[in-house]
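Colleague: Okay, handing you the structure first.
The values are calculated or read from the model by the stated rules, or taken from the named source; none is laboratory data. These numbers were taken from a predicted model, which means no experiment stands behind them. Here the Cβ positions follow ideal geometry from the backbone for every residue, glycine too, while neighbour counts run over all protein chains shown.
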Amino acid sequence: MSTAAATDIATMKKIASKARINTIKMLHEAGSGHPGGSLSAMDIMTVLMHRFMKHDPTNPRWEDRDRFVLSKGHCVPAWYCLLADAGYFPEEDLMTLRKLDSPLQGHPVNTAMDSMEACTGSLGQGLSIAIGMAMAAKLDGKPHKIYCMIGDGETQEGQIWEALLSAPKFKLDNLVVILDNNGGQIDGPVEEVMSLNPVVDKMNAFNWHVIDIDGHDYDQIIAALEEANGVKDQPIFIRAATVKGKGVSFMEAKIDWHGKAPSAEETEQALAELSA
Amino acid sequence: MAKASRLAFGEALAEVGAKNQNVVALDADLAKSTMSKIFADQFPERFFEMGIQEANMIGVAAGLALSGKVPFCCSFACFVTGRYDTIRISVAYPNANVRVIGTHAGIGIGEDGNSQMGLEDIGLMRGLPNMVVLQPADEVETKQMIEFLANRHEGPAYVRLTRQKLADVSPDGYQFKLGKSVVLRDGKDVTCFATGGTVQGAVAAAEELAGEGIDVRVVNLSSIKPIDADIIVKCAKETGKLFTVEDHNIIGGMGTAVAEVVTEKCPVPVFRWGLPDVFGESGSPEALYAKYQLDGPGIAAKIKEFLG
């Protein structure tokens, strides 16, 4: 059994920085993948894993663990890096991402890796799965939480809105949804492709407990997740404003970096920045 | 006594729910029609009314299953299997213990017409790895299947049920086994494989044809995936000709599954009958079964056409 560690912010920033470096390396090695959203989600994921989630690297299927469902499954490289760092599997396995016979599938697969909670990657589905997990915890009288990260482009999917409509009905205060609002998707800015705004107003109108934060500010991320722990009878929706490609200057806020691997030169430059 | 398989399902779900606390049910505003209401009335804390949100319902069922529950996720066959990608990625891919229940299958729903008729659902579900596809022929088989799926099966399953009443056809002492089919009537001239709503008509057709000197073997093919390849090969060898009939498009359904086995293992002439790659329409169930030749006289006529 394990409990959430009270890792300090400086340490978490180092962990996130190392995971960003590994993300760049593994995407370069794989020759494909999604750096933009992996890097935008990294700080939130790091705080979740190292400050809030109860989990056990030696027992990934521990029944009372908190669950993390990555609905925006294409950003799983970031989570793989954090899992490896936490000791779920050897760090050298990261370089097998997207390669034949690797448990590190291009998108999360629970049957390939014990520390994956579901199969996601076809966008719009993970939130419904997280709701089912939250209902099961309520039925069993278990205190564990379900954290679910969704993307902003993903939130254009109809099933997401079905799910958003349904969670408040069941008073799922054990469900925390984090919107990684990095503003970009393959065909362009979310605002141009299909705007979600005013997304905070919409979620308030849907009867969620809404918290609006900067998804790279560790104090704000911690405060939001602490606030979430105190909410009763309502699911929690954290709108996290983030920067696509965060941490690598030439990737930041660039739509082009949604879904392509860095070249050798680009990798070198990115690693130099992240190591500085 | 004739009973709709959806009603037998609702009764069976309440029975298994009383014994297995992990059984939960979800419905999408059709609980009174799918008969999940029988379970809901007895176990309200384990029933989730999801509203008219079939995709979300399926995903929520997946989350429940991945947390150790055995969710029965209910709607009309057409609506629930219409959310194909959610079933594919959230249920089948993770091998989640979800039971997708599709009622009001086929033209047997009647007057509501094509938009409410599940006519391609077997083909859709059969094509998914990990997915089991079952279609019971009567009350006793329905109840045995539901008990099996509640207590003794790991992995996703699709069950196809009827709105209309089905006559008892299973032999005394029948016990459903996954991947097995049962001979309801022996015969040597041709084998008629039927499933779900057409089984009672197949039995009637065999009786009618017996009076004309045609000896029809009837097999209830309720386990569509996995399929009983042994009995198909045996019938191919012993009767030489195979006829299939189902309330489903002839493309992708049970008949296609039979033809796949026969083609590879024991090629003999196969005549597939069902909806001839058309959509359904409004009408009484009886009138529709007569028009599309899925009732006793219709099946008898098509078998004679096959035998020439």
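Colleague: Is there a residue being in contact (Cβ under 8 Å) with a residue 40 or more places away in the chain, surrounded by fewer than 24 Cβ atoms within 10 Å (Cβ to Cβ) and among the β-branched types (Val, Ile, Thr) anywhere in region B:77-89?
Modeller: Scanning region B:77-89 turns up no residue that is in contact (Cβ under 8 Å) with a residue 40 or more places away in the chain, surrounded by fewer than 24 Cβ atoms within 10 Å (Cβ to Cβ) and among the β-branched types (Val, Ile, Thr).
Colleague: Out of B:Leu161, B:Leu149, report the one residue that is modelled with pLDDT of 95 or more, under 23 Å from B:Tyr289 (Cβ atoms) and crowded, with 19+ Cβ neighbours inside 10 Å.
Modeller: Details: B:Leu149 fails: under 23 Å from B:Tyr289 (Cβ atoms).
It is B:Leu161.
Colleague: How about region A:140-156: which of its residues are within 9 Å of another protein chain (Cβ to nearest Cβ) and crowded, with 17+ Cβ neighbours inside 10 Å?
Modeller: A:Ile146, the sole residue that qualifies.
Colleague: Mind checking which pairs have a first residue in region B:284-308 that is farther than 12 Å from B:Asp247 by Cα and a second that is buried (at least 21 other Cβ atoms within 10 Å of the Cβ) and of a type in the set (Phe, Trp, Tyr), Cβ under 6 Å, 6 or more apart or different chains?
Modeller: Pairs that qualify, where the first residue is farther than 12 Å from B:Asp247 by Cα and the partner is buried (at least 21 other Cβ atoms within 10 Å of the Cβ) and of a type in the set (Phe, Trp, Tyr), are B:Lys302/B:Trp273; B:Ile303/B:Phe243; B:Phe306/B:Phe243.
Residue-wise test of (1) in a helix (DSSP H, G or I); (2) on the phi > 0 side of the Ramachandran plot.
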{"site": "A:Leu172", "(1), (2)": "no, no"}
{"site": "A:His216", "(1), (2)": "no, no"}
{"site": "A:Gln220", "(1), (2)": "yes, no"}
{"site": "A:Ala223", "(1), (2)": "yes, no"}
{"site": "A:Asp233", "(1), (2)": "no, yes"}
{"site": "A:Gly247", "(1), (2)": "no, yes"}
{"site": "A:Glu266", "(1), (2)": "yes, no"}
{"site": "A:Ala270", "(1), (2)": "yes, no"}
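Colleague: Here is a further query. Have a look at A:Leu175, A:Leu179, A:Leu164 and point out the one that is away from chain B (no Cβ under 14 Å), buried (at least 17 other Cβ atoms within 10 Å of the Cβ) and modelled with pLDDT of 95 or more. Spell out how you get there, then give the answer.
Modeller: On the way: A:Leu175 fails: away from chain B (no Cβ under 14 Å); A:Leu164 fails: away from chain B (no Cβ under 14 Å).
Step by step, each of A:Leu175, A:Leu179, A:Leu164 is checked, and only A:Leu179 is away from chain B (no Cβ under 14 Å), buried (at least 17 other Cβ atoms within 10 Å of the Cβ) and modelled with pLDDT of 95 or more.
Colleague: Another question, if that's okay. Is there a residue being surrounded by fewer than 22 Cβ atoms within 10 Å (Cβ to Cβ), within 14 Å of another protein chain (Cβ to nearest Cβ) and either hydrophobic (A, V, I, L, M, F, W, C) or touching a helix residue (DSSP H, G or I) at 6+ places or on another chain (Cβ under 6 Å) (or both) anywhere in region A:198-210?
Modeller: Scanning region A:198-210 turns up at least one residue that is surrounded by fewer than 22 Cβ atoms within 10 Å (Cβ to Cβ), within 14 Å of another protein chain (Cβ to nearest Cβ) and either hydrophobic (A, V, I, L, M, F, W, C) or touching a helix residue (DSSP H, G or I) at 6+ places or on another chain (Cβ under 6 Å) (or both).
Colleague: Residues being within 14 Å of another protein chain (Cβ to nearest Cβ), among the hydrophobic types (A, V, I, L, M, F, W, C) and closer than 19 Å to B:Ile52 by Cα: count how many of those fall in region B:3-37.
Modeller: Taking region B:3-37 as the starting set, the residues that turn out to be within 14 Å of another protein chain (Cβ to nearest Cβ) are B:17, B:20-29.
Narrowing further to those that are among the hydrophobic types (A, V, I, L, M, F, W, C): B:23-26, B:28.
After this cut, where a residue has to be closer than 19 Å to B:Ile52 by Cα as well, the list is B:24-26, B:28.
The number of residues fulfilling the criteria is 4.
Colleague: Restricting region B:233-262 to residues that are among the small types (Gly, Ala, Ser) and part of a helix (DSSP H, G or I), which is surrounded by the fewest Cβ atoms within 10 Å (Cβ to Cβ)? Quick ask: steps written out before the conclusion?
Modeller: The initial filter retains those residues of region B:233-262 that are among the small types (Gly, Ala, Ser), namely B:236, B:240, B:252-253, B:255, B:257, B:259.
Checking which are part of a helix (DSSP H, G or I) leaves us with B:236, B:255, B:257, B:259.
Numbers: B:Ala236: 21, B:Gly255: 27, B:Ala257: 25, B:Ala259: 18.
Only one residue tops the list, namely B:Ala259.
Colleague: Pull up region B:263-301, narrow it to residues that are among the charged types (D, E, K, R) and surrounded by fewer than 20 Cβ atoms within 10 Å (Cβ to Cβ), then point me to the one that is nearest to B:Gly108 (Cα to Cα).
Modeller: Once the filter is applied, the top-ranked residue is B:Glu286.
Colleague: Ok, one more. Could you tell me how many of the residues in region B:97-133 are at positive phi and within 12 Å of another protein chain (Cβ to nearest Cβ)?
Modeller: The first filter runs over region B:97-133 and keeps only residues at positive phi, leaving B:104, B:106, B:110, B:113, B:130.
Retained after the next criterion (residues that are within 12 Å of another protein chain (Cβ to nearest Cβ)): B:130.
Matching residues across region B:97-133 total 1.
Colleague: How many residues are assigned to a helix (DSSP H, G or I) and among the small types (Gly, Ala, Ser) if we restrict to region B:35-92?
Modeller: Here is the first cut: in region B:35-92, the residues assigned to a helix (DSSP H, G or I) are B:37-42, B:44-46, B:54-65, B:77-81, B:84-92.
Narrowing further to those that are among the small types (Gly, Ala, Ser): B:40, B:55, B:59, B:61-63, B:65, B:77, B:90, B:92.
Looking only at that region, the number is 10.
Colleague: Within the group B:Lys225, B:Lys188, which residue is within 27 Å of B:Leu124 (Cβ to Cβ) and of a type in the set (Lys, Arg)?
Modeller: Values: B:Lys188 fails: within 27 Å of B:Leu124 (Cβ to Cβ).
Only one candidate passes the filter, namely B:Lys225.
Colleague: Which residue, of B:Pro71, B:Pro136, is within 11 Å of chain A (Cβ to nearest Cβ), in contact with a helix residue (DSSP H, G or I) (Cβ under 7 Å, 6 or more places away or on another chain) and closer than 23 Å to B:Val16 by Cβ? Walk me through how you get there before you give the answer.
Modeller: Details: B:Pro136 fails: within 11 Å of chain A (Cβ to nearest Cβ).
Step by step, each of B:Pro71, B:Pro136 is checked, and only B:Pro71 is within 11 Å of chain A (Cβ to nearest Cβ), in contact with a helix residue (DSSP H, G or I) (Cβ under 7 Å, 6 or more places away or on another chain) and closer than 23 Å to B:Val16 by Cβ.
Colleague: In the set B:Pro94, B:Pro156, which member is crowded, with 24+ Cβ neighbours inside 10 Å, within 11 Å of chain A (Cβ to nearest Cβ), closer than 17 Å to A:Thr120 by Cβ and not aliphatic (A, V, I, L, M)? Even if it seems obvious, please write down each step before you answer.
Modeller: Working: B:Pro156 fails: within 11 Å of chain A (Cβ to nearest Cβ).
Step by step, each of B:Pro94, B:Pro156 is checked, and only B:Pro94 is crowded, with 24+ Cβ neighbours inside 10 Å, within 11 Å of chain A (Cβ to nearest Cβ), closer than 17 Å to A:Thr120 by Cβ and not aliphatic (A, V, I, L, M).
Colleague: Taking the criterion of being under 22 Å from B:Ala96 (Cα atoms), assigned by TED's automatic domain parsing to the domain that holds B:Pro94, assigned to a loop (DSSP other than H, G, I, E, B) and in contact with a Phe, Trp or Tyr (Cβ under 6 Å, 6 or more places away or on another chain), would at least one residue in region B:158-180 satisfy it?
Modeller: Looking through region B:158-180, at least one residue is under 22 Å from B:Ala96 (Cα atoms), assigned by TED's automatic domain parsing to the domain that holds B:Pro94, assigned to a loop (DSSP other than H, G, I, E, B) and in contact with a Phe, Trp or Tyr (Cβ under 6 Å, 6 or more places away or on another chain).
Colleague: Those residues that are within 20 Å of A:Met45 (Cα to Cα), among the polar types (S, T, N, Q) and facing chain B (nearest Cβ under 7 Å), I need them from region A:110-127; list them, please. It would help to see each step written out before you state the result.
Modeller: As a first pass, look at region A:110-127 and keep what is within 20 Å of A:Met45 (Cα to Cα): A:110, A:113-121, A:123-127.
Filter once more, so that each one left must be among the polar types (S, T, N, Q): A:110, A:115, A:120, A:125.
Correct list: A:Asn110, A:Gln125.
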